[in-house]
Amino acid sequence: MARAGKRARMIRNPEPRWSEEATGARRDHRLRDGDDALGFRLIPLTLPGTRRIVNRRKTDNSIRDERAGTLRLTLFCAAKSEGSSDDFGGSSMSRDRGSFVAFRGGGLRRAIVTTSGMLALALAAGFCLGGAAKAQEAQIIYPGSMAVTGFPGTIIPDFGSPDSEKGGLPPGVDPVDETFIDTSQASLRIFNVSQLGGPASGQLVYTPPPFEVTAGQIGEVFGLTYDDGVRDGVPSGIPNLYTAATSLHGIEIVTPDADEDGRPERQRRGAAGAVFMNGQFGTENGGGPGTIWKIDGISGAVSKFADIDTNSGPGIGNLAFDPTHREFFASDLDTGLIHRVDIEGNLIDSIDHGVAGRPAHGLAPVADDGAVMDIHDTAFDSEDLRTWGYTQDARRVWAVAYHGGRLYYSVGEKAEIWSVGIASDGGFGRDPRWELTVKADQDYAVTDIAFDNQGFMYLAQRGPVENRYDYSRFADTGKGEVIRYQREDPDDPATESVWAEVPQEYAVGFPQGNRQSAGGVDLQYRYDPEGNLDTSVCTHTVVNTGDKLRDNPELAERLAAGGPLAVHGVQLTPSKLVKPVNVPPFGSWVVDFDGYFEDPDVQGHVGDVRVWRPCEGRAGYYEEIPGGFLPPVYPPDFPPPGNLPPCLDVEDVQYFCTPRGLRADLYLDDHAGFGGDSIKALSKTPGVGVTSPMSHAPGKPYTIGIIGHNPGDTVNVGLCFYRKSDRDKGGYYPCCKVTLPLRTPAVECEAPRRDR
């Protein structure tokens, strides 16, 4: 189905916080009373097979199974917020989803299952805390804070309520048809991982209760980014967190209640009157499939930041923040566009990779086909991605990451990594560049990109999107890789890419193959041998999301000492531990997303991860650092001899730290049409050395290295701009001569030794 005028328009929410009269405030009140978005009672339940078993909460907050047999007590964690209606997002971490997932072949998995041993472990670890945690007085985000997105779980509203005449399900009703997203549970959690409790041994880490944002507030989300923490023009050191709507945890739709059971009717296929299920996109708070949400880093208040209102349902691939120009980037899975958004949430412009990017690598342009997600059309199938309105694979942008003055992004299932320059005014440059085609065993989408301060680029794959009607599987997992690429230094002109051809891989999870990536990756500070965070070392630890991270029957006995096996969450690994080291990953730590450990068969329930990692006073390798240059001069005495008039100008200079020291990329203008293709550089500042490569790749800047200078000094560099063919003839050759005064950055480009 075609889209008319498929141009994205962003809408800011004029309300920075939800007012008392807003739907969000009313919903918060209902949740505190234990009701869901439709006003139905939210009751956790246990349903083995087809037997009807109603769980009732006792006064001591345990659960009693009302069935024949011995009384069984089960730990129960309330997920309700006890705060005011303004207190969005402040709740303790529930260690049980209060929900279940149905399976086609074997009934329903238990929502709350506890043996006496497991209960003892839970109590000893202190991972189920009574009451609700409020947003902290000072802030909710600290250096090292780790935000993670994931599926919130499911529930049958009004099932077994003692106040309802319609408790339970009639005979012959499939419980899966009556199962809904649990809007009271979190789809975003912010973890304190400053203390991991000891040396890495592949163990589960029990963290303090995280700050939570529920699916009722923001719906299902994937992509994450932080801003720079500047408030009212003043750096605060406390950023805000942003997250974006997603279809990567399925698309669920409903129609109005037709059987008078008080619940809407869940639909597999499109139908007249269909709407997105509550908890899908945060519709109660004005959200939709193109919404970007903002979580205040101090108060925890949730507000709608921006909206790509032409996104029909596929959602946003990922987010990135450019601290230099204070702007955001969001990839649109519906159109394939990358949108640029200002700090106030307004759309500035967009770039179309399919049309503007592909031709830069000799590929034919591919325009958007105009397909949209239409949940009113019977052609829509909630289990068939082809009906969801995703743009074509050749132009589908997933991950975005700002680094070194460029926006890097991934395209397609057979993932390619591209980049485009960001101009001095923050706009998209006209220089889209193919960086590499990912070398991995599976052609899976790269849904996240991260860079460390040594110039490595980290990529996380996520398996193909699925949406099982029983909520069990949202991605094909078990083969997704987390890999990293490093730059060729110096660049090898014989290779097409500036990146090394073969990446390094990390062991993710304990299942066979160690490829359990769920599609999120970032860098964390260093941890000392006892698992304590060391913020003086910026990018020493790889954090990545994964499924079934501790599930391996052959290692079960050894793994059991480190906690439960069914862990879906985040793995933390020292960055130096690339394969074949750390196989299996006993040199890593593991954090579970939701604290529920009885779901070994679910897949794709965890999403993205992002760490707040300010690294003051240190420049990362290949990350652009501020510097400048003075107007060039044209001396007559710079060798080799020649009588050419001034015919070379300088457009721009960009500076980067590399393992070899300071690098300056020169953008030269051959305004006289001399036709030069090479440079020779000579330092004209005593005591300073300048190097230039013997060859130059067409279309790339001219690069020189600078050593022996004091950071911030002006270094005079003499340039000879010549034709390689003239030099190859031997003897003297003509060149355009210029002396360029370079204002070097006030940053020392020494390798951070503790990061190595």
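The values are calculated or read from the model by the stated rules, or taken from the named source; none is laboratory data. Keep in mind it's a predicted model, so treat the numbers as computed, not measured. Cβ placement follows ideal geometry from the backbone for every residue including glycine, while neighbour counts extend to all protein chains displayed. Accessible surface areas use protein heavy atoms only, side chains included; no ligands, DNA or RNA. Shrake-Rupley method; radii C 1.70, N 1.55, O 1.52, S 1.80 Å.
Inspect the stretch 670-682 for any residue being within 27 Å of Gln486 (Cα to Cα), open to solvent by less than 20 Å² (accessible area, probe 1.4 Å), in contact with a helix residue (DSSP H, G or I) (Cβ under 7 Å, 6 or more places away or on another chain) and touching a residue at least 40 places away in the same chain (Cβ under 8 Å) and give the result as yes or no. Yes, because at least one residue in the stretch 670-682 is within 27 Å of Gln486 (Cα to Cα), open to solvent by less than 20 Å² (accessible area, probe 1.4 Å), in contact with a helix residue (DSSP H, G or I) (Cβ under 7 Å, 6 or more places away or on another chain) and touching a residue at least 40 places away in the same chain (Cβ under 8 Å).
Listed by position, the strands (runs of 3 or more DSSP E) inside the stretch 446-518 whose residues that are farther than 20 Å from Leu319 by Cα number at least 1 are 482-485, 504-506. You will find that of Val438, Val508, the residue that is in contact with a strand residue (DSSP E or B) (Cβ under 7 Å, 6 or more places away or on another chain), open to solvent by 10 Å² or more (accessible area, probe 1.4 Å), modelled with pLDDT of 95 or more and of a type outside the set (Gly, Ala, Ser) is Val438 and no other.
The condition of being among the polar types (S, T, N, Q), under 16 Å from Asp594 (Cβ atoms) and either surrounded by fewer than 22 Cβ atoms within 10 Å (Cβ to Cβ) or touching a residue at least 24 places away in the same chain (Cβ under 8 Å) (or both) holds for only one of Thr246, Thr214, Thr255, that being Thr214. Criterion applied to Pro580, Pro584, Pro614, Pro600 was being open to solvent by 20 Å² or more (accessible area, probe 1.4 Å), assigned to a loop (DSSP other than H, G, I, E, B) and under 30 Å from Ile422 (Cα atoms), and the one residue passing it is Pro614. One residue stands out among those in the stretch 409-426 that are part of a loop (DSSP other than H, G, I, E, B) and out of contact with any helix residue (DSSP H, G or I) (no Cβ under 6 Å at 6 or more places or on another chain): the one that is surrounded by the most Cβ atoms within 10 Å (Cβ to Cβ), which is Ala415. Among strands (runs of 3 or more DSSP E) entirely within the stretch 309-408, having at least 2 residues that are farther than 24 Å from Gly520 by Cβ and open to solvent by 30 Å² or more (accessible area, probe 1.4 Å) singles out 347-352. Going by the structure shown, is Arg526 basic (Lys, Arg), open to solvent by less than 50 Å² (accessible area, probe 1.4 Å) and over 16 Å from Val446 (Cβ atoms)? No: the conditions fail for Arg526.
Against the conditions (1) open to solvent by 10 Å² or more (accessible area, probe 1.4 Å); (2) part of a loop (DSSP other than H, G, I, E, B), Phe305 satisfies every one except (2).
Residues considered: Gly317, Gly354, Gly313, Gly345. Of these, the only one that is under 15 Å from the mean Cα position of the chain (by Cα) and of a type outside the set (Ser, Thr, Tyr) is Gly317. Any chance the stretch 165-185 includes a residue that's surrounded by fewer than 24 Cβ atoms within 10 Å (Cβ to Cβ), within 20 Å of the chain's Cα centre (by Cα) and in contact (Cβ under 8 Å) with a residue 60 or more places away in the chain? For the stretch 165-185, residues surrounded by fewer than 24 Cβ atoms within 10 Å (Cβ to Cβ), within 20 Å of the chain's Cα centre (by Cα) and in contact (Cβ under 8 Å) with a residue 60 or more places away in the chain: absent. Of the residues making up the stretch 258-299, those that are among the hydroxyl-bearing types (Ser, Thr, Tyr) and open to solvent by 10 Å² or more (accessible area, probe 1.4 Å) are Thr283, Ser299. For the stretch 467-499, filtering for residues that are touching a Leu at 6+ places or on another chain (Cβ under 9 Å) and either farther than 19 Å from Gly250 by Cβ or at pLDDT below 95 (or both) leaves 9. Taking the conditions exactly as written (more than 18 Å from Glu651 (Cβ to Cβ), of a type in the set (A, V, I, L, M, F, W, C) and open to solvent by less than 20 Å² (accessible area, probe 1.4 Å)), does Ile706 satisfy them or not? Yes; evaluated as a whole, the condition is true for this residue.
Would you mind stating whether Asp637 is at pLDDT below 90 and surrounded by fewer than 14 Cβ atoms within 10 Å (Cβ to Cβ)? The answer is yes for Asp637.
Here Ile156 meets the list (1) touching a Gly at 6+ places or on another chain (Cβ under 9 Å); (2) open to solvent by less than 10 Å² (accessible area, probe 1.4 Å); (3) at pLDDT below 95 almost entirely, failing just condition (1).
Screening the candidates Gly237, Gly197 for the property of being under 22 Å from Pro323 (Cα atoms) and either out of contact with any strand residue (DSSP E or B) (no Cβ under 9 Å at 6 or more places or on another chain) or not in a strand (DSSP E or B) (or both) yields one hit, Gly237. If you go through the stretch 226-239 and keep only what is open to solvent by less than 10 Å² (accessible area, probe 1.4 Å) and without any contact (Cβ under 8 Å) to a residue 60 or more places away in the chain, you end up with nothing. The single condition from (1) assigned to a strand (DSSP E or B); (2) more than 28 Å from Val420 (Cα to Cα) that Ile704 fails is (2).
All conditions in (1) open to solvent by less than 70 Å² (accessible area, probe 1.4 Å); (2) in contact (Cβ under 8 Å) with a residue 40 or more places away in the chain; (3) farther than 26 Å from Gly237 by Cα; (4) in a loop (DSSP other than H, G, I, E, B) hold for Ala566, with the sole exception of (2).
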